[in-house]
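This report refers to the structure that appears directly beneath it.
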Amino acid sequence: MTDDFDKLKSALRAAPPPPGDAARMAALDAALQNFDLLQDSRQETAAPARPNPASPERKGFLTGVKDMLKSLSPAGLLAATTSVAALAVAVIALSPALHQPPEPALVRLAPQPATPEAAEDMAPLAAPALQAAPPALTARKAAPTSMPSADAPMVFEAAPEAMIAAGGGMAPTDMVAAPEPDTSAFANADANPVKSVETDPVSTFSVDVDTASYAVIRRDLEAGTLPPPEAVRIEEMVNYFPYAYPAPEGDAPFRADVSVMPTPWNAGTRLVRIGLQGRLPALADRPPLNLVFLVDTSGSMDEPDKLPLLKQALRLVLPQLRPEDEVAIVAYAGSAGVVLPPTPARETAAISAVLDDLAPGGGTAGAEGLAEAYRLADQMRGEGEISRVLLATDGDFNLGISDPKELETFIARERAGGSYLSVLGFGRGNLDDATMQALAQSGNGMAAYIDTAQEARKVLVDQLSGALFPIADDVKIQVEWNPAQVAEYRLIGYETRALRREDFSNDKVDAGEIGAGHQVTALYEITAPDSPARLNEPLRYGTATEATGPAGELGFLRLRYKAPGAAESQLIETPILSSDVTPDADARFAAAIAGFGQLLTGATYLGDWSWDDAIRLADGSRGDDPFGYRVEAVNLMRLAKSLNR
């Protein structure tokens, strides 16, 4: 008996036979034969079953095994246990092949065989597993089922986004991973409220010539999603489009044009449109330009709509420059450096070659790049020349000075030396619009978002003079409303450009710039004292003083600006007169775009005015549209309507 158990122990401790096809089949055949013999022996000796429904005999698996072992002789016991061990080895070896689904979620790669014979046995199983492996897999070590082993097989587990919910199979091989979360940050503030003229008769704000918000909205809508409300700045939507404002006369840097029209969405109010048209000097009259391209080549720019589009956009600038202009390029990633020293603009081949060589990689040392670009701009400036820095980035500053306030202070110091900064934004997903806006405002420049080659041409070809050649600095607008004619007013947009009343006359307070040929449009919605649309209840005790202004004036418009480089501002004043003139197509289209922006942000003051109303108004007031901008806007409204359902 002892010898039999010793043999059993030795057999169990021995290494299993090689996993060849012949060995597996022999073990399985022996196990099945022994199982049949045991069953026959059991049936010959056991008494017939006598079922008793009232008190059935309960025998589990372990009880059956105990009974079987009792009936065996030592030799039979040894044979049975050896057969069971062999059966277990066979089942373990065959189970992956017997249960492998057509497209497995887990693909097991066999361990490296120790001998050529073993490798030959394993080959038929390893090859199909490798062929079935999907492309998006994550490698991990297989968890051991009993004892851990150093040569445990590797298991390639499909990423969660590649699994099909129904059936647990694999997704098609052309499925891509889930997109990265959108971390874009936008500069915005709560919408301007309706204000009472009795308590707050003066409205003051800085001009804004930026158009980035409209391009971001277009990008999102064309991608099939509504833009986040914080990405919508209505003044930038309205200012995206050209209008036929009268040109300034004489040496005046700009001219104001004011019109009044019924409000499309509220019969009880009127819209006051204030338009400014900047003077556009002849190309030959502008001073020589020193232009520094500050190019973000960090790892976050490694996308088709970022660095490749950026290179294409900057190439569009070169034909617009004169031979005496100069260009330099600073690239920044983990560190910043000059990749093109100051070079005459006529050497377009050399400049284009440097742009071609730019490649993404590393962090974003934005502050270091800005410092290097400003150093070059100062070095390039000669007598009577101007220097400009054009920053092209996705705004993802993560090294160096990353706090927007610190960057603003740094740029403001450089601005005082005469080098202005404009910012071009690219890409989506991590666009830091808030930083871009802060930099452009502090740098006396403009901020634009480039999402297509067509937009690059609009900003860098059609409007290049406005971006690089300011004609008026620190332009501020102030409107005083006549309480005899206006009970309430609301400025539509310009939330991030609001100024205090006392800032208007303070020349130390920074404001926006107007470039050569630039236009600025602002819209006020006003309510008459006797209008049923009035939202604020009148004061119980009335006003402290009665209105004394001319009866025909709705309000009084004041403009302050500085000549470029000047320390003192100049003042322009004009009354806002009530008018019954039919509004032109430009005024109606601007109102439609303002309504478009309000529909995207909740339509607090639009009442029952709908997407259909906005589309009808815009489509009916397209007017002269040589570049198709207004047709595009109408189509975007239709798209937004369908996405808003």
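The values are calculated or read from the model by the stated rules, or taken from the named source; none is laboratory data. Everything quoted here is computed from the prediction, not taken from an experiment. Glycine gets a Cβ as well: all are built from the backbone with ideal geometry, and neighbour counts include every protein chain shown. Note: accessible area is taken over every heavy atom of the protein model, side chains too, but ligands, DNA and RNA are not part of it. Shrake-Rupley method; radii C 1.70, N 1.55, O 1.52, S 1.80 Å.
General remarks:
- Members of region 616-639 that are more than 27 Å from the chain's Cα centre (by Cα) and either part of a helix (DSSP H, G or I) or among the basic types (Lys, Arg) (or both): Arg616, Leu617, Ala618, Asp619, Gly620, Arg622
- Ala566, sole failed condition from (1) touching a Lys or Arg at 6+ places or on another chain (Cβ under 6 Å); (2) over 23 Å from Met637 (Cβ atoms): (1)
- In region 604-615, residue nearest to Tyr494 (Cα to Cα) [restricted to those that are open to solvent by less than 60 Å² (accessible area, probe 1.4 Å) and in a helix (DSSP H, G or I)]: Ala614
- Complete set of residues in region 489-515 that are of a type outside the set (Lys, Arg), surrounded by fewer than 22 Cβ atoms within 10 Å (Cβ to Cβ) and assigned to a loop (DSSP other than H, G, I, E, B): Leu499, Asn506, Asp507, Val509, Asp510
- Residue count for region 428-453, restricted to those that are part of a loop (DSSP other than H, G, I, E, B) and within 24 Å of Thr409 (Cα to Cα): 6.
- Number of the condition not met by Pro532 [criteria: (1) in a loop (DSSP other than H, G, I, E, B); (2) touching a residue at least 40 places away in the same chain (Cβ under 8 Å); (3) open to solvent by less than 50 Å² (accessible area, probe 1.4 Å)]: (3)
- The single condition among (1) in a strand (DSSP E or B); (2) open to solvent by 20 Å² or more (accessible area, probe 1.4 Å) that Gly425 does not satisfy is (2).
- Counting only strands (runs of 3 or more DSSP E) that fall entirely inside region 207-315 and contain at least 2 residues that are open to solvent by 10 Å² or more (accessible area, probe 1.4 Å), in the same structural domain as Ile514 (by TED's automatic domain parsing) and modelled with pLDDT of 95 or more, the qualifying elements are 254-263, 266-278.
- Search result, residues across region 536-574 that are at pLDDT 80 or above, crowded, with 16+ Cβ neighbours inside 10 Å and more than 30 Å from Glu385 (Cα to Cα): Glu553, Leu554, Gly555, Phe556, Leu557, Arg558
- In region 579-603, the residues that are surrounded by fewer than 17 Cβ atoms within 10 Å (Cβ to Cβ) and either in a loop (DSSP other than H, G, I, E, B) or outside the structural domain of Pro626 (by TED's automatic domain parsing) (or both): Ser579, Asp580, Val581, Thr582, Asp584, Gly602
Matching residues to (1) farther than 18 Å from Ala448 by Cα; (2) open to solvent by 20 Å² or more (accessible area, probe 1.4 Å); (3) at pLDDT 85 or above; (4) more than 23 Å from the chain's Cα centre (by Cα):
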residue	(1), (2), (3), (4)
Glu368	yes, yes, no, yes
Gln379	yes, yes, yes, yes
Ile386	yes, yes, yes, yes
Leu390	no, no, yes, no
Thr393	no, no, yes, no
Ser402	yes, yes, no, no
Thr409	yes, yes, no, yes
